[in-house]
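The values are calculated or read from the model by the stated rules, or taken from the named source; none is laboratory data. Because the structure is a prediction, the values reported are computed rather than measured. Cβ placement follows ideal geometry from the backbone for every residue including glycine, while neighbour counts extend to all protein chains displayed.
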Amino acid sequence: MTASPIRSRRQLPLDELAEALEAGWSFPASMYTEPDIFALELGAVFEPRWQYLGPLEHVAAPGSRLVGEVAGRPVVAVRGDDGELRGFLNVCRHRAYRVVSGQGSGRYLKCGYHGWAYRLDGTLASAPSAPDCIGDDLSLLPVGVDTFCEGVFAILDPEAPSLTTAHPRLRDVAEQAGMSLDAGAYRHVRRITTHQKANWKLWYDNAVECYHCAHIHGESFNRAFAVASGTASANAVAIDELYLNRYAGRRSGGDEFQATFCTALQLYPGCQIIQQDDLLIMAQARPVAANRTVFVADYFAEEGSDPASVERWIKLWARTYDEDAAALEIQHRNLAASTVDRMRYVEGPEAPVSIINGLTLDAYRQASVPDGDR
Ligand code: FES
Ligand SMILES: [Fe+2]
(Lines give C-alpha, C1' and ligand atoms only; values in the text may rest on other atoms or scores of the structure.)
(Ligands and ions follow the chains in the order given, each with its own letter.)
Protein backbone atom coordinates (compact mmCIF):
# COMPACT_ATOMS: atom_id res chain seq x y z
CA MET A 1 0.00 0.00 0.00
CA THR A 2 1.38 3.41 -0.92
CA ALA A 3 0.30 7.01 -0.46
CA SER A 4 -2.53 7.79 -2.84
CA PRO A 5 -2.23 11.00 -4.82
CA ILE A 6 -4.45 14.02 -4.45
CA ARG A 7 -6.66 14.35 -7.51
CA SER A 8 -8.20 17.52 -8.77
CA ARG A 9 -10.32 17.72 -11.88
CA ARG A 10 -10.27 21.50 -12.13
CA GLN A 11 -10.14 22.38 -15.81
CA LEU A 12 -7.78 25.21 -16.65
CA PRO A 13 -7.79 27.28 -19.89
CA LEU A 14 -4.32 26.02 -20.73
CA ASP A 15 -3.95 27.65 -24.16
CA GLU A 16 -5.07 31.00 -22.81
CA LEU A 17 -2.63 30.72 -19.90
CA ALA A 18 0.17 29.86 -22.33
CA GLU A 19 -0.61 32.89 -24.52
CA ALA A 20 -0.55 35.22 -21.53
CA LEU A 21 2.79 33.82 -20.31
CA GLU A 22 4.20 34.16 -23.81
CA ALA A 23 3.13 37.81 -23.88
CA GLY A 24 4.96 38.53 -20.61
CA TRP A 25 2.05 38.26 -18.16
CA SER A 26 1.71 36.11 -15.07
CA PHE A 27 -1.03 33.61 -14.34
CA PRO A 28 -4.30 35.34 -13.38
CA ALA A 29 -4.21 36.78 -9.86
CA SER A 30 -6.82 34.29 -8.65
CA MET A 31 -4.47 31.40 -9.41
CA TYR A 32 -2.21 32.58 -6.58
CA THR A 33 -4.99 32.59 -4.02
CA GLU A 34 -7.60 29.92 -4.77
CA PRO A 35 -7.51 26.75 -2.64
CA ASP A 36 -8.63 24.46 -5.49
CA ILE A 37 -5.77 25.67 -7.69
CA PHE A 38 -3.43 25.03 -4.78
CA ALA A 39 -4.82 21.48 -4.43
CA LEU A 40 -4.31 20.90 -8.14
CA GLU A 41 -0.71 22.13 -7.85
CA LEU A 42 0.09 19.86 -4.93
CA GLY A 43 -1.02 16.94 -7.07
CA ALA A 44 0.38 18.08 -10.41
CA VAL A 45 3.60 19.83 -9.44
CA PHE A 46 4.79 18.59 -6.05
CA GLU A 47 3.56 14.99 -5.69
CA PRO A 48 5.39 13.58 -8.71
CA ARG A 49 8.73 15.37 -8.10
CA TRP A 50 11.69 15.07 -5.77
CA GLN A 51 12.09 17.64 -3.02
CA TYR A 52 14.86 18.42 -0.57
CA LEU A 53 14.22 17.06 2.92
CA GLY A 54 17.29 17.71 5.08
CA PRO A 55 21.01 17.16 5.72
CA LEU A 56 22.46 13.77 4.86
CA GLU A 57 24.76 13.92 7.89
CA HIS A 58 21.68 13.75 10.14
CA VAL A 59 20.99 10.22 8.91
CA ALA A 60 24.55 8.90 8.83
CA ALA A 61 24.36 6.43 11.75
CA PRO A 62 22.01 3.42 11.99
CA GLY A 63 18.79 4.47 13.73
CA SER A 64 19.24 8.17 12.98
CA ARG A 65 16.36 9.97 11.33
CA LEU A 66 15.15 13.29 10.05
CA VAL A 67 11.63 14.49 9.44
CA GLY A 68 10.20 16.86 6.89
CA GLU A 69 7.35 17.30 4.49
CA VAL A 70 6.77 16.45 0.86
CA ALA A 71 3.74 17.69 -1.09
CA GLY A 72 1.90 18.42 2.14
CA ARG A 73 2.64 15.02 3.70
CA PRO A 74 4.85 14.47 6.76
CA VAL A 75 7.80 12.26 5.91
CA VAL A 76 10.59 10.60 7.90
CA ALA A 77 13.90 9.35 6.48
CA VAL A 78 15.69 6.77 8.62
CA ARG A 79 18.99 4.88 8.37
CA GLY A 80 18.45 1.15 8.97
CA ASP A 81 20.71 -1.23 10.88
CA ASP A 82 21.63 -2.61 7.46
CA GLY A 83 22.90 0.84 6.37
CA GLU A 84 19.97 1.37 4.00
CA LEU A 85 18.30 4.79 3.93
CA ARG A 86 14.51 4.42 3.86
CA GLY A 87 11.64 6.86 3.75
CA PHE A 88 8.12 6.60 5.17
CA LEU A 89 5.09 8.74 5.66
CA ASN A 90 5.49 9.93 9.24
CA VAL A 91 1.92 8.92 9.99
CA CYS A 92 1.00 6.21 12.48
CA ARG A 93 -1.06 3.33 11.06
CA HIS A 94 -3.09 3.24 14.29
CA ARG A 95 -4.93 6.55 14.35
CA ALA A 96 -2.89 8.74 12.05
CA TYR A 97 -0.87 10.63 14.66
CA ARG A 98 2.66 11.81 13.84
CA VAL A 99 5.07 8.94 14.60
CA VAL A 100 8.23 10.89 15.43
CA SER A 101 9.07 14.56 15.63
CA GLY A 102 12.35 16.29 14.89
CA GLN A 103 15.75 14.86 14.30
CA GLY A 104 16.74 11.92 16.52
CA SER A 105 17.80 8.33 16.72
CA GLY A 106 16.73 5.05 18.23
CA ARG A 107 16.14 1.40 17.46
CA TYR A 108 12.45 2.05 16.87
CA LEU A 109 10.21 4.76 15.52
CA LYS A 110 7.79 5.06 18.41
CA CYS A 111 4.50 6.89 18.17
CA GLY A 112 3.93 9.13 21.18
CA TYR A 113 0.12 8.82 21.16
CA HIS A 114 -0.50 5.18 22.19
CA GLY A 115 3.00 3.77 21.95
CA TRP A 116 2.99 1.74 18.74
CA ALA A 117 6.61 1.07 17.78
CA TYR A 118 7.93 0.49 14.28
CA ARG A 119 11.23 -1.11 13.30
CA LEU A 120 13.67 0.88 11.20
CA ASP A 121 12.38 -0.95 8.11
CA GLY A 122 8.89 0.39 8.86
CA THR A 123 7.30 -2.86 10.05
CA LEU A 124 5.20 -2.74 13.20
CA ALA A 125 7.16 -4.24 16.11
CA SER A 126 4.79 -3.70 19.03
CA ALA A 127 1.39 -2.25 19.86
CA PRO A 128 0.45 -2.07 23.57
CA SER A 129 -2.52 -4.32 24.42
CA ALA A 130 -3.12 -4.99 20.72
CA PRO A 131 -1.21 -8.17 19.83
CA ASP A 132 -3.76 -8.90 17.10
CA CYS A 133 -2.50 -5.87 15.14
CA ILE A 134 1.00 -7.31 14.83
CA GLY A 135 1.32 -9.23 11.63
CA ASP A 136 -1.44 -7.28 9.96
CA ASP A 137 -0.25 -5.11 7.16
CA LEU A 138 0.21 -2.08 9.38
CA SER A 139 3.74 -1.12 8.37
CA LEU A 140 4.57 2.52 7.81
CA LEU A 141 3.79 3.54 4.23
CA PRO A 142 6.96 3.88 2.16
CA VAL A 143 8.06 6.94 0.19
CA GLY A 144 11.09 7.33 -2.08
CA VAL A 145 14.36 8.74 -0.72
CA ASP A 146 17.62 9.59 -2.44
CA THR A 147 20.72 11.65 -1.74
CA PHE A 148 22.60 14.36 -3.61
CA CYS A 149 25.43 16.63 -2.50
CA GLU A 150 24.95 17.02 1.30
CA GLY A 151 21.21 16.43 1.20
CA VAL A 152 18.45 13.85 1.47
CA PHE A 153 15.63 14.15 -1.05
CA ALA A 154 12.20 12.54 -0.94
CA ILE A 155 9.29 11.82 -3.27
CA LEU A 156 5.90 10.31 -2.42
CA ASP A 157 6.07 7.38 -4.84
CA PRO A 158 8.47 4.75 -3.44
CA GLU A 159 8.84 3.31 -6.95
CA ALA A 160 9.75 6.66 -8.56
CA PRO A 161 12.92 6.81 -10.68
CA SER A 162 15.95 8.11 -8.77
CA LEU A 163 16.67 11.83 -8.40
CA THR A 164 19.37 11.76 -11.08
CA THR A 165 17.10 9.78 -13.42
CA ALA A 166 14.43 12.43 -12.94
CA HIS A 167 17.06 15.16 -13.49
CA PRO A 168 19.52 13.45 -15.87
CA ARG A 169 21.61 16.59 -16.38
CA LEU A 170 21.77 17.50 -12.69
CA ARG A 171 25.31 16.33 -12.01
CA ASP A 172 26.69 17.67 -15.32
CA VAL A 173 25.13 21.08 -14.97
CA ALA A 174 26.31 21.46 -11.39
CA GLU A 175 29.83 20.21 -12.09
CA GLN A 176 30.24 22.34 -15.19
CA ALA A 177 29.33 25.34 -13.05
CA GLY A 178 32.13 24.36 -10.66
CA MET A 179 29.91 23.16 -7.82
CA SER A 180 31.38 20.77 -5.29
CA LEU A 181 29.04 17.79 -4.93
CA ASP A 182 30.97 15.31 -2.79
CA ALA A 183 29.08 14.49 0.39
CA GLY A 184 31.23 15.22 3.44
CA ALA A 185 32.96 18.34 2.09
CA TYR A 186 30.67 20.51 4.22
CA ARG A 187 29.17 20.24 7.70
CA HIS A 188 25.70 21.38 8.67
CA VAL A 189 25.69 24.56 10.72
CA ARG A 190 22.11 25.74 11.02
CA ARG A 191 18.57 25.52 9.70
CA ILE A 192 16.55 28.71 9.33
CA THR A 193 12.85 28.34 8.54
CA THR A 194 10.88 31.26 7.15
CA HIS A 195 7.07 31.19 7.29
CA GLN A 196 5.78 33.19 4.36
CA LYS A 197 2.21 34.39 4.05
CA ALA A 198 2.33 34.03 0.30
CA ASN A 199 1.69 31.59 -2.53
CA TRP A 200 4.58 29.34 -3.54
CA LYS A 201 4.55 30.70 -7.12
CA LEU A 202 5.28 34.19 -5.79
CA TRP A 203 8.19 32.71 -3.86
CA TYR A 204 9.43 31.16 -7.11
CA ASP A 205 9.20 34.37 -9.14
CA ASN A 206 11.30 36.10 -6.54
CA ALA A 207 13.79 33.26 -6.12
CA VAL A 208 14.84 33.10 -9.76
CA GLU A 209 15.05 36.74 -10.79
CA CYS A 210 17.50 39.27 -9.43
CA TYR A 211 15.84 42.30 -11.00
CA HIS A 212 14.80 43.14 -7.43
CA CYS A 213 18.20 42.56 -5.84
CA ALA A 214 19.67 46.02 -6.25
CA HIS A 215 16.53 47.46 -4.66
CA ILE A 216 15.22 45.40 -1.76
CA HIS A 217 18.61 43.79 -1.02
CA GLY A 218 20.65 46.99 -1.03
CA GLU A 219 22.11 46.18 2.39
CA SER A 220 22.25 42.39 2.00
CA PHE A 221 22.76 40.30 -1.18
CA ASN A 222 23.56 43.37 -3.25
CA ARG A 223 26.50 44.27 -0.99
CA ALA A 224 28.33 41.07 -1.89
CA PHE A 225 27.27 40.19 -5.42
CA ALA A 226 27.08 41.99 -8.75
CA VAL A 227 23.41 42.06 -9.62
CA ALA A 228 23.04 44.95 -12.05
CA SER A 229 19.47 45.02 -13.38
CA GLY A 230 19.18 43.55 -16.84
CA THR A 231 22.39 41.55 -16.68
CA ALA A 232 21.63 39.19 -13.82
CA SER A 233 20.45 36.34 -16.02
CA ALA A 234 23.29 36.58 -18.56
CA ASN A 235 25.06 33.57 -17.03
CA ALA A 236 21.94 31.45 -16.66
CA VAL A 237 21.49 27.89 -17.85
CA ALA A 238 18.00 26.37 -18.21
CA ILE A 239 17.83 22.65 -18.98
CA ASP A 240 14.77 20.48 -18.44
CA GLU A 241 13.61 21.21 -14.89
CA LEU A 242 16.93 22.73 -13.79
CA TYR A 243 17.81 26.38 -13.70
CA LEU A 244 21.27 27.64 -12.81
CA ASN A 245 22.51 31.17 -12.29
CA ARG A 246 25.89 32.57 -11.36
CA TYR A 247 26.78 35.87 -9.77
CA ALA A 248 30.21 37.41 -9.49
CA GLY A 249 31.42 38.67 -6.13
CA ARG A 250 31.84 42.43 -5.81
CA ARG A 251 35.08 42.17 -3.81
CA SER A 252 34.79 45.85 -3.04
CA GLY A 253 37.66 47.10 -0.89
CA GLY A 254 37.09 47.39 2.82
CA ASP A 255 33.72 45.63 2.91
CA GLU A 256 33.39 42.61 5.20
CA PHE A 257 31.60 40.69 2.42
CA GLN A 258 34.40 39.71 0.06
CA ALA A 259 32.60 37.15 -2.08
CA THR A 260 34.33 35.49 -5.00
CA PHE A 261 31.35 33.71 -6.57
CA CYS A 262 27.80 32.53 -6.06
CA THR A 263 26.24 29.65 -7.99
CA ALA A 264 22.53 29.03 -7.51
CA LEU A 265 20.95 25.86 -8.87
CA GLN A 266 17.18 25.43 -8.83
CA LEU A 267 15.58 22.00 -9.03
CA TYR A 268 11.95 22.40 -9.93
CA PRO A 269 9.85 22.58 -7.83
CA GLY A 270 11.19 24.77 -5.06
CA CYS A 271 14.62 23.33 -4.28
CA GLN A 272 17.66 25.61 -4.26
CA ILE A 273 21.28 24.53 -3.96
CA ILE A 274 23.57 27.52 -3.57
CA GLN A 275 27.34 27.52 -3.23
CA GLN A 276 29.12 30.70 -2.37
CA ASP A 277 32.74 30.85 -1.21
CA ASP A 278 32.85 28.47 1.80
CA LEU A 279 29.08 28.26 2.27
CA LEU A 280 26.51 25.79 0.92
CA ILE A 281 22.77 26.35 1.21
CA MET A 282 20.31 23.55 0.51
CA ALA A 283 16.77 24.84 0.71
CA GLN A 284 13.22 23.89 -0.14
CA ALA A 285 10.07 25.95 -0.47
CA ARG A 286 7.25 23.82 0.93
CA PRO A 287 3.73 24.72 -0.16
CA VAL A 288 1.40 24.70 2.85
CA ALA A 289 -1.72 26.44 1.54
CA ALA A 290 -2.62 28.82 -1.27
CA ASN A 291 -1.49 31.66 0.99
CA ARG A 292 1.26 29.90 2.98
CA THR A 293 4.75 28.75 2.03
CA VAL A 294 7.42 27.50 4.39
CA PHE A 295 10.98 28.11 3.24
CA VAL A 296 13.46 25.77 4.91
CA ALA A 297 17.14 26.68 4.43
CA ASP A 298 19.97 24.47 5.69
CA TYR A 299 23.33 26.21 5.90
CA PHE A 300 26.53 24.16 5.58
CA ALA A 301 30.12 25.34 6.03
CA GLU A 302 33.04 23.96 4.08
CA GLU A 303 35.40 21.90 6.24
CA GLY A 304 38.18 24.13 7.59
CA SER A 305 36.34 27.40 6.94
CA ASP A 306 36.46 30.30 9.37
CA PRO A 307 33.36 30.09 11.65
CA ALA A 308 33.18 33.88 12.04
CA SER A 309 33.12 34.34 8.27
CA VAL A 310 30.45 31.63 7.91
CA GLU A 311 28.31 33.37 10.53
CA ARG A 312 28.57 36.67 8.67
CA TRP A 313 27.46 35.02 5.46
CA ILE A 314 24.54 33.22 7.12
CA LYS A 315 23.41 36.53 8.56
CA LEU A 316 23.57 38.15 5.13
CA TRP A 317 21.57 35.34 3.49
CA ALA A 318 18.99 35.22 6.29
CA ARG A 319 18.44 38.95 5.95
CA THR A 320 18.13 38.57 2.18
CA TYR A 321 15.48 35.85 2.58
CA ASP A 322 13.59 37.91 5.18
CA GLU A 323 13.50 40.85 2.78
CA ASP A 324 12.14 38.54 0.10
CA ALA A 325 9.46 37.15 2.44
CA ALA A 326 8.32 40.67 3.36
CA ALA A 327 7.92 41.55 -0.33
CA LEU A 328 6.01 38.34 -1.08
CA GLU A 329 3.51 38.97 1.69
CA ILE A 330 2.68 42.39 0.32
CA GLN A 331 2.32 41.02 -3.21
CA HIS A 332 0.09 38.19 -2.00
CA ARG A 333 -2.18 40.54 -0.06
CA ASN A 334 -2.56 42.77 -3.09
CA LEU A 335 -3.33 39.87 -5.42
CA ALA A 336 -5.85 38.48 -2.92
CA ALA A 337 -7.56 41.87 -2.76
CA SER A 338 -8.14 41.74 -6.55
CA THR A 339 -6.16 44.92 -7.13
CA VAL A 340 -4.62 43.73 -10.40
CA ASP A 341 -5.70 40.97 -12.82
CA ARG A 342 -2.18 39.82 -13.57
CA MET A 343 1.43 40.78 -12.94
CA ARG A 344 3.73 41.95 -15.74
CA TYR A 345 7.21 40.49 -16.22
CA VAL A 346 10.12 42.29 -17.85
CA GLU A 347 11.76 40.62 -20.81
CA GLY A 348 15.42 39.87 -20.09
CA PRO A 349 15.96 40.22 -16.35
CA GLU A 350 12.74 38.38 -15.52
CA ALA A 351 13.08 35.71 -18.20
CA PRO A 352 13.78 33.03 -15.54
CA VAL A 353 10.31 33.64 -14.11
CA SER A 354 8.78 32.77 -17.47
CA ILE A 355 10.84 29.58 -17.60
CA ILE A 356 9.58 28.46 -14.20
CA ASN A 357 5.99 29.44 -15.01
CA GLY A 358 6.36 27.41 -18.22
CA LEU A 359 7.31 24.35 -16.15
CA THR A 360 4.25 24.88 -13.96
CA LEU A 361 2.06 25.18 -17.06
CA ASP A 362 3.55 21.92 -18.38
CA ALA A 363 2.70 20.27 -15.05
CA TYR A 364 -0.90 21.53 -15.35
CA ARG A 365 -1.05 20.08 -18.86
CA GLN A 366 0.23 16.69 -17.74
CA ALA A 367 -2.28 16.62 -14.89
CA SER A 368 -5.19 17.56 -17.12
CA VAL A 369 -4.79 14.52 -19.40
CA PRO A 370 -7.66 12.13 -18.61
CA ASP A 371 -6.46 8.86 -17.04
CA GLY A 372 -7.61 6.83 -20.06
CA ASP A 373 -5.40 8.88 -22.42
CA ARG A 374 -2.16 8.47 -20.49
S1 FES B 1 -1.89 6.95 16.76
FE2 FES B 1 0.07 6.12 16.96
S3 FES B 1 -0.10 4.73 18.55
FE4 FES B 1 -2.08 5.55 18.36
FE1 LIG C 1 15.62 38.24 -3.22
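Please verify whether Ala96 is within 15 Å of ligand 1 (Cβ to nearest atom) and loosely packed, with under 14 Cβ neighbours inside 10 Å, treating the condition exactly as stated.
yes
As an exercise: evaluate Arg93 against (1) touching a Phe, Trp or Tyr at 6+ places or on another chain (Cβ under 7 Å); (2) under 19 Å from Gly135 (Cβ atoms) and give the number of the one condition it does not meet.
Going through (1) touching a Phe, Trp or Tyr at 6+ places or on another chain (Cβ under 7 Å); (2) under 19 Å from Gly135 (Cβ atoms) one by one, Arg93 breaks only (1).
Being of a type in the set (S, T, N, Q), touching a helix residue (DSSP H, G or I) at 6+ places or on another chain (Cβ under 8 Å) and in contact (Cβ under 8 Å) with a residue 12 or more places away in the chain: is that true of Asn245 here?
yes
With respect to Gly68, is the statement that it is closer than 17 Å to Val296 by Cα and away from ligand 2 (no atom under 16 Å from the Cβ) true?
yes
What tally of residues in the stretch 164-197 results from selecting those that are among the hydrophobic types (A, V, I, L, M, F, W, C) and touching a helix residue (DSSP H, G or I) at 6+ places or on another chain (Cβ under 7 Å)?
Residues meeting the conditions: 5.
Would you check which residues across the stretch 4-37 are assigned to a loop (DSSP other than H, G, I, E, B), among the hydrophobic types (A, V, I, L, M, F, W, C) and modelled with pLDDT of 95 or more and list them?
Matches in the stretch 4-37: Ala23, Phe27.
If you scan the stretch 219-274, which residues turn out to be acidic (Asp, Glu) and at pLDDT 85 or above?
Glu219, Asp240, Glu241
Sort through Asp324, Asp298 and tell me the only one that's surrounded by 22 or more Cβ atoms within 10 Å (Cβ to Cβ), within 17 Å of Asp205 (Cβ to Cβ) and of a type outside the set (Ser, Thr, Tyr).
Asp324
List, please: which pairs have Cβ atoms under 7 Å, are six or more places apart or on different chains, and start with a residue in the stretch 89-105 that is of a type in the set (Ser, Thr, Tyr) and end with one that is more than 11 Å from ligand 1 (Cβ to nearest atom)?
Every condition considered, the pairs that remain are Ser101/Val67; Ser105/Ala61; Ser105/Gly63; Ser105/Ser64; Ser105/Arg65.
Among the residues of the stretch 215-224, write down those that are in a helix (DSSP H, G or I) and more than 10 Å from ligand 2 (Cβ to nearest atom).
Residues satisfying the conditions are Arg223, Ala224.
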